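Asks: Okay, here's the structure, questions in a sec.
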Amino acid sequence: MPCRINTSVSYIHWYRQLEGQAPERLLYLATSQRDVQWDSVLQGNKVTAKKGNDDKSCTLSLMKLEKSDEGLYYCAAWTSYNKIFGAGTKLFVIDRNLATDMTPKPTVFLPSIAEIEHSKVGTYLCLLEKFFPNAIQVYWKEKNDNRVLESMQGNTVKTDDTYMKFSWLTVSEESMGKEHICFVKHEKNRVEPVQEILFPSINEVVSSAVMPTDSPNDCLKDESKVSDSDSRKACVRNESEITNSTKACLKDESNTLQLQLENTSAYYTYLLLLLKSTLYFATVLSCLFRRTVCSSGKTS
């Protein structure tokens, strides 16, 4: 992992921060020499640093990687008046070969008819799965409009060795006639650096859910030209066609309603999970606060 500082310094320090823990220094390097001083966290057979060609850079090397080495590694340097910290490098350690394609895999959820009719708004939901690494940027725009819209973002969640993320956009009644695009920026995108996922207009969603019905045939309109027997056969045939058409419409309508129900269920299930996470965090925070108060009382 490289580190470069814009000004000359006497020492460059390397830190590691494991998930949920405070930062800890691993070592520091004198830029005027090649001496490395290790702290007690990791030894020289595990981590080392090498000075660059000038007094402004060095490289950190980790050996014998293990799952416990995952974390944020960053360098720091002191000047006469300031402490300078780098942004850090996120290290992932996986125990198996990942698939070749690590781009985000989108699943689109369209607004439900019930939501549109009841709330006069529609919610697009985009589920992104099976991507790696976890750094991802998601934003929304109207088609043919460069303005970034206000949207909601879920946390990036780890699933096995890959990640998933939710993002959703609530569209007002005034914008229901417009198409929207979900933009996904991820380093593994191959063709374009930003993946574009097109969502149809909500008005189109509503129109596609309403199936046209066939008007009944007038069985007797040509009765003067055919015999009674032929007329009855024609009526039976047309009634059969109408019945089959009605069944097809009902089947399509059932499939549409089922899809809408699944979309709505996924949407509200995710909101419920967010609510539970918030309540759990509040409970843990309350317990920690009580423990702190009780400890202070005993000390006094």
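Asks: Quick check on my filter: what residues within the range 108-143 are polar (S, T, N, Q) and either touching a Gly at 6+ places or on another chain (Cβ under 6 Å) or under 14 Å from L169 (Cα atoms) (or both)? Working first, answer last.
Replies: Restricting attention to the range 108-143, the residues satisfying the condition of being polar (S, T, N, Q) are 112, 119, 123, 134, 137.
Within the range 108-143, S112, T123 qualify.
Asks: State all residues of the range 107-125 that are closer than 30 Å to V93 by Cβ and surrounded by 15 or more Cβ atoms within 10 Å (Cβ to Cβ); if no residue qualifies, say none. Even if it seems obvious, please write down each step before you answer.
Replies: Keep residues of the range 107-125 that are closer than 30 Å to V93 by Cβ, which gives 107.
Listed by number, the list is empty, since nothing qualifies.
Yes or no, residue by residue, for (1) surrounded by 18 or more Cβ atoms within 10 Å (Cβ to Cβ); (2) acidic (D, E); (3) closer than 27 Å to T278 by Cα:
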| site | (1), (2), (3) |
| --- | --- |
| L127 | yes, no, yes |
| D145 | no, yes, no |
| M176 | yes, no, no |
| E192 | no, yes, no |
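Asks: Looking at S61, S8 in this structure, which one is surrounded by fewer than 13 Cβ atoms within 10 Å (Cβ to Cβ), outside the structural domain of D160 (by TED's automatic domain parsing) and outside any strand (DSSP E or B)? I'd like the intermediate steps shown before the answer.
Replies: Working: S61 fails: outside any strand (DSSP E or B).
Exactly one residue qualifies, and that residue is S8.
Asks: Select the strands (runs of 3 or more DSSP E) contained entirely in the range 85-201, then report the ones holding at least 2 residues which are over 30 Å from K64 (Cβ atoms) and not aromatic (F, W, Y). It would help to see each step written out before you state the result.
Replies: On the way: elements: 89-91, 105-109, 122-131, 137-142, 157-159, 162-171, 180-185, 194-199.
Output list reads 105-109, 122-131, 137-142, 162-171, 180-185, 194-199.
Asks: Consider only pairs whose beta carbons are under 7 Å apart and that are at least six residues apart or on different chains; among these, list those whose first residue lies in the range 30-47 and is acidic (D, E) and whose second residue is in a strand (DSSP E or B) and modelled with pLDDT of 75 or more.
Replies: From the range 30-47, the pairs are D39/R25; D39/L26; D39/L27.
Yes/no matrix, rows are residues, columns are (1) modelled with pLDDT of 85 or more; (2) surrounded by 12 or more Cβ atoms within 10 Å (Cβ to Cβ); (3) of a type in the set (S, T, Y); (4) part of a strand (DSSP E or B):
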position	(1), (2), (3), (4)
C3	yes, yes, no, yes
I12	yes, yes, no, yes
A22	yes, no, no, no
R25	yes, yes, no, yes
V41	no, yes, no, no
N53	no, no, no, no
Y74	yes, yes, yes, yes
S80	no, no, yes, no
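The values are calculated or read from the model by the stated rules, or taken from the named source; none is laboratory data. Keep in mind the model is a prediction, meaning the values are calculated, not measured. Positions of Cβ are generated from backbone atoms using ideal geometry, with glycine treated the same way; all protein chains shown enter the neighbour counts.
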